[in-house]
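Colleague: Here you go, one structure.
The values are calculated or read from the model by the stated rules, or taken from the named source; none is laboratory data. Treat the numbers as computed from the prediction; the structure is a model and nothing was measured. Positions of Cβ are backbone-derived with ideal geometry, glycine not excepted, and every protein chain shown enters the neighbour counts. Just the protein is used for accessible areas: all its heavy atoms, side chains included, with ligands, DNA and RNA removed. Shrake-Rupley method; radii C 1.70, N 1.55, O 1.52, S 1.80 Å.
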Amino acid sequence: MSIPQGAYQPDLPGVPPWLNKGDNAWQMTAATLVGLQSMPGLVILYASIVKKKWAVNSAFMALYAFAAVLICWVLVGYRIAFGDKLLPFWAKGAPALGQKFLIGRARMPETTHYFSDGTTVESLMHEPFYPMAAHVYFHFTFAAITMILLAGSVLARMSIKAWIAFVPLWLIFCYTVGAFSLWGGGFLYHWGVIDYSGGYVIHLSAGISGFTAAYWVGPRLKSDRERFPPNNVLLMLAGAGLLWMGWSGFNGGAPNAANVAAPLAVLNTNISAATSLLVWTTLDVFYFGKPSVIGAVQGMMTGLACVTPGAGVVQAWAAIVMGILAGSIPWFSMMILHKKSTFLQKVDDTLAVFHTHAVAGLLGGLLTGLLAEPSLCSIILPVTNTKGAFYGRSGGILFLKQIVAALFIIGWNIIATTLILLAIRLFIPLRMSDEQLMIGDDAVHGEEAYALWGDGEKYDPERHGWQGSASPPETTQTGFVNGARGVTVNL
């Protein structure tokens, strides 16, 4: 009889009795998928969706955030979000670097949930069947993508030095509050609020903080606001594709187990994204007379953001409902309401993060309060008998809780982001100089994305100095204006 070798020997120290290899493998895979959403997904998307002169700067802001968040996360951030309680919305910070801590079983110490008497346990402490290192890394990827989504609001004018200072401060004083409150055993977690995978913690936070940051940083140059075409639409689609496919890890990894909720969440995620993309495109054709690739990507994003807070607790038909509303309500807020609101036009949200993430994330959280299915809720939630308003009169309580939680996240993000930026402004200008804004990447980084002329427009001999008998045919290009599509420029 042959003797088992390597990982298949009995009683291995690297395979403790509590370890579930399937859960462990899936969690690491899911974490990698979410990481790929940011690096290279959003790096590529940001580099290609902006005007050519800002391609390098936009990509670098995302690249820096991914690296800086990881170091801050393991030094202090993870345990503020998932450690021992300090305040109802914040845990005690400590490093997550020790070997004993990282290879031990994952546990969230403040997630033991008690009945109203305060002594009888209703739900045991959440202890996934994989090592702490997998949990630390998985939630790092969530923190990183939140930071990078926020960056979309301030592209093409925020000082890179101010951004370098902003990232660790926002992670510690803003992101961790939402994460602990809703996931780590904070007051909203024990109150029974549902944020399955980050509709509030990630999308609402990124959209509100991004909009607030855009207000304080100030606008782009007038010329950039009026004309901001993507420099590479096809590359933009590659980044969007990584974002969409990576979302299977985003929502599929949220149950912290390879259980029945994970594949349901993955299916619901894709259903909502596809439905929203189709609805957004249909509205574009109806209103503008033609489909837009940029619009399709925005519809995809709103569908993904909307389903995220309820992906594992709603039925598949509900995911279609979420997709329909995600493709229409944010479309209306961006294309119609934005143009009629003086305030929304005043704040220069470069990539419309407020509409695609804050509006969509809030919408998803509220819809979860209506559509959360009781038996699905019982699989992953600490509060028993949780259900959406459509499943019984008592379900209306959940909807009210979802509203209150959203107001808390909105208020905290506005206040904390404002204080952080005002503090940074005392030492570093938040906005680049006008000279840097005129030149772009070459002035900020000494590098350019392409050794070519133009800002994504087709070659024009009159504008680019070429003298010849033939002129290129006229074409059109759709860009972002004040963060919203809607101006077509003839080139």
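Yes/no per residue for (1) of a type outside the set (F, W, Y); (2) at pLDDT below 95; (3) within 30 Å of G446 (Cβ to Cβ):
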site	(1), (2), (3)
S2	yes, yes, no
A7	yes, yes, no
F66	no, no, yes
I71	yes, no, yes
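Colleague: Which condition does S469 not pass, out of (1) modelled with pLDDT of 95 or more; (2) over 21 Å from V201 (Cβ atoms), if it passes all the others?
Modeller: Of everything listed in (1) modelled with pLDDT of 95 or more; (2) over 21 Å from V201 (Cβ atoms), S469 misses just condition (1).
Colleague: Somewhere in region 248-256, is a residue open to solvent by less than 30 Å² (accessible area, probe 1.4 Å) and either at positive phi or free of Cβ contacts under 8 Å to residues at least 12 places away in the same chain (or both)? It would help to see each step written out before you state the result.
Modeller: Of region 248-256, the ones open to solvent by less than 30 Å² (accessible area, probe 1.4 Å) are 248-256.
Now drop any that are not either at positive phi or free of Cβ contacts under 8 Å to residues at least 12 places away in the same chain (or both), which leaves 256.
Within region 248-256 (the criterion being open to solvent by less than 30 Å² (accessible area, probe 1.4 Å) and either at positive phi or free of Cβ contacts under 8 Å to residues at least 12 places away in the same chain (or both)), the answer is yes, since at least one residue qualifies.
Colleague: Just to check your reading of the model, which residue among L97, L75, L86, L63 is under 27 Å from A156 (Cα atoms) and not hydroxyl-bearing (S, T, Y)? Spell out the reasoning first.
Modeller: On the way: L97 fails: under 27 Å from A156 (Cα atoms); L75 fails: under 27 Å from A156 (Cα atoms); L86 fails: under 27 Å from A156 (Cα atoms).
Criteria check complete, one pass: L63.
Colleague: Kindly indicate which of Y175, Y215, Y200 is open to solvent by 30 Å² or more (accessible area, probe 1.4 Å) and hydroxyl-bearing (S, T, Y).
Modeller: Numbers: Y175 fails: open to solvent by 30 Å² or more (accessible area, probe 1.4 Å); Y200 fails: open to solvent by 30 Å² or more (accessible area, probe 1.4 Å).
Sole residue among the options that is open to solvent by 30 Å² or more (accessible area, probe 1.4 Å) and hydroxyl-bearing (S, T, Y): Y215.
Colleague: Which residue, of G41, G83, is touching a strand residue (DSSP E or B) at 6+ places or on another chain (Cβ under 7 Å), more than 18 Å from W170 (Cα to Cα) and of a type in the set (G, A, S)? First the steps, then the outcome.
Modeller: On the way: G41 fails: touching a strand residue (DSSP E or B) at 6+ places or on another chain (Cβ under 7 Å).
Unique residue meeting the criteria: G83.
Colleague: Turning to a different aspect of this structure: What are the residues in region 429-445 that are surrounded by 15 or more Cβ atoms within 10 Å (Cβ to Cβ) and not in a helix (DSSP H, G or I), if any? Give the steps one after another, and end with the answer.
Modeller: Within region 429-445, the subset surrounded by 15 or more Cβ atoms within 10 Å (Cβ to Cβ) is 430-432, 436-437, 440-441, 443-444.
L430, R431, M432, G440, listed by residue number.
Colleague: Scan A238, A274, A265 and give me the residue that is touching a helix residue (DSSP H, G or I) at 6+ places or on another chain (Cβ under 8 Å) and within 22 Å of W331 (Cα to Cα). Quick ask: steps written out before the conclusion?
Modeller: Details: A238 fails: within 22 Å of W331 (Cα to Cα); A265 fails: within 22 Å of W331 (Cα to Cα).
Result of the check over A238, A274, A265: A274.
Colleague: Condition test on A47, is it open to solvent by less than 40 Å² (accessible area, probe 1.4 Å), at pLDDT 90 or above and not in a loop (DSSP other than H, G, I, E, B)? Can you show your working first?
Modeller: Numbers: open to solvent by less than 40 Å² (accessible area, probe 1.4 Å): yes; at pLDDT 90 or above: yes; not in a loop (DSSP other than H, G, I, E, B): yes.
Spelling it out, A47 is indeed open to solvent by less than 40 Å² (accessible area, probe 1.4 Å), at pLDDT 90 or above and not in a loop (DSSP other than H, G, I, E, B).
Colleague: Say we look at region 343-357 and pick out the residues that are assigned to a helix (DSSP H, G or I) and closer than 15 Å to G218 by Cα; which of these is least open to solvent (accessible area, probe 1.4 Å)?
Modeller: Filtering region 343-357 down to residues assigned to a helix (DSSP H, G or I) leaves 343-346, 353-357.
From the residues that got through so far, the ones that are closer than 15 Å to G218 by Cα too are 343-346.
Numbers: F343: 107, L344: 19, Q345: 65, K346: 131 Å².
Across region 343-357, the extreme among qualifying residues is L344.
Colleague: Taking the criterion of being more than 28 Å from K51 (Cβ to Cβ) and among the aliphatic types (A, V, I, L, M), would at least one residue in region 382-396 satisfy it?
Modeller: Within region 382-396, the subset more than 28 Å from K51 (Cβ to Cβ) is 382-396.
Then keep just the ones that are among the aliphatic types (A, V, I, L, M); that gives 383, 389.
Yes: one or more hits.
Colleague: For region 308-317, does any single residue satisfy the condition of being open to solvent by 20 Å² or more (accessible area, probe 1.4 Å) and closer than 23 Å to L155 by Cα? Walk me through it before giving the result.
Modeller: Quick first cut of region 308-317, residues open to solvent by 20 Å² or more (accessible area, probe 1.4 Å) only: 315-317.
Checking which are closer than 23 Å to L155 by Cα leaves us with none.
Checked against the condition, which is being open to solvent by 20 Å² or more (accessible area, probe 1.4 Å) and closer than 23 Å to L155 by Cα, region 308-317 yields no hits at all.
Colleague: Continuing with the same structure: In region 88-115, which residues are over 17 Å from G185 (Cβ atoms) and surrounded by fewer than 15 Cβ atoms within 10 Å (Cβ to Cβ)?
Modeller: Taking region 88-115 and keeping what is over 17 Å from G185 (Cβ atoms), we get 95, 97-104.
Of everything in region 88-115, those that are over 17 Å from G185 (Cβ atoms) and surrounded by fewer than 15 Cβ atoms within 10 Å (Cβ to Cβ) turn out to be P95, L97, G98, Q99, K100, I103, G104.
Colleague: A further question follows. Out of the residues in region 285-302 that are touching a residue at least 40 places away in the same chain (Cβ under 8 Å) and open to solvent by less than 50 Å² (accessible area, probe 1.4 Å), which is farthest from W244 (Cα to Cα)?
Modeller: S292
Colleague: Can you name the residue in region 257-275 that is part of a loop (DSSP other than H, G, I, E, B) and open to solvent by 40 Å² or more (accessible area, probe 1.4 Å) and, of all such residues, is nearest to L376 (Cα to Cα)? Give the derivation first.
Modeller: Step one: list which residues in region 257-275 are part of a loop (DSSP other than H, G, I, E, B), which gives 257-260.
So of that shortlist, the ones also open to solvent by 40 Å² or more (accessible area, probe 1.4 Å) come out as 258-260.
Details: A258: 15, N259: 12, V260: 9 Å.
Looking at the filtered set, the residue picked out is V260.
Colleague: While we're on this one: In this structure, does L381 turn out to be modelled with pLDDT under 90, open to solvent by 10 Å² or more (accessible area, probe 1.4 Å) and more than 21 Å from L304 (Cβ to Cβ)? Working first, answer last.
Modeller: Details: modelled with pLDDT under 90: yes; open to solvent by 10 Å² or more (accessible area, probe 1.4 Å): yes; more than 21 Å from L304 (Cβ to Cβ): yes.
Yes: the conditions hold for L381.
Colleague: Hey, another quick one. Of all residues being in a helix (DSSP H, G or I) and small (G, A, S) in region 384-394, which is modelled with the lowest pLDDT? Just the residue, please. Break it down stepwise before answering.
Modeller: Our first condition is that a residue be in a helix (DSSP H, G or I); within region 384-394, this holds for 389-391, 393-394.
If we keep only those that are small (G, A, S) as well, we get 389, 394.
Numbers: A389: 92, S394: 74.
If we take residues in region 384-394 being in a helix (DSSP H, G or I) and small (G, A, S), then S394 is modelled with the lowest pLDDT.
Colleague: Hey, another quick one. So which residues in region 14-44 are open to solvent by less than 10 Å² (accessible area, probe 1.4 Å) and not aliphatic (A, V, I, L, M)? Lay out the reasoning, then the answer.
Modeller: Step one: of region 14-44, the residues open to solvent by less than 10 Å² (accessible area, probe 1.4 Å) are 27, 30-31, 34-35, 37-38, 41-42.
Selection gives Q27, G35, Q37, S38, G41.
Colleague: May I pose another question? Working carefully through the options G295, G312, G299, G327, find the one that is in contact with a Phe, Trp or Tyr (Cβ under 8 Å, 6 or more places away or on another chain), outside any helix (DSSP H, G or I) and not aliphatic (A, V, I, L, M).
Modeller: G312
Colleague: Here is a further query. Specify which of the listed residues (L370, L421) is crowded, with 22+ Cβ neighbours inside 10 Å, out of contact with any strand residue (DSSP E or B) (no Cβ under 9 Å at 6 or more places or on another chain), touching a residue at least 24 places away in the same chain (Cβ under 8 Å) and assigned to a helix (DSSP H, G or I). Show your work before the answer.
Modeller: On the way: L370 fails: crowded, with 22+ Cβ neighbours inside 10 Å.
After applying the criteria, what remains is L421.
Colleague: How many residues does region 220-238 hold that are assigned to a helix (DSSP H, G or I) and either crowded, with 24+ Cβ neighbours inside 10 Å or of a type in the set (S, T, N, Q) (or both)?
Modeller: Applying the first criterion (assigned to a helix (DSSP H, G or I)) to region 220-238 yields 222-226, 233-238.
The next check asks that each one be either crowded, with 24+ Cβ neighbours inside 10 Å or of a type in the set (S, T, N, Q) (or both); those that pass are 223-224.
So the count comes out to 2.
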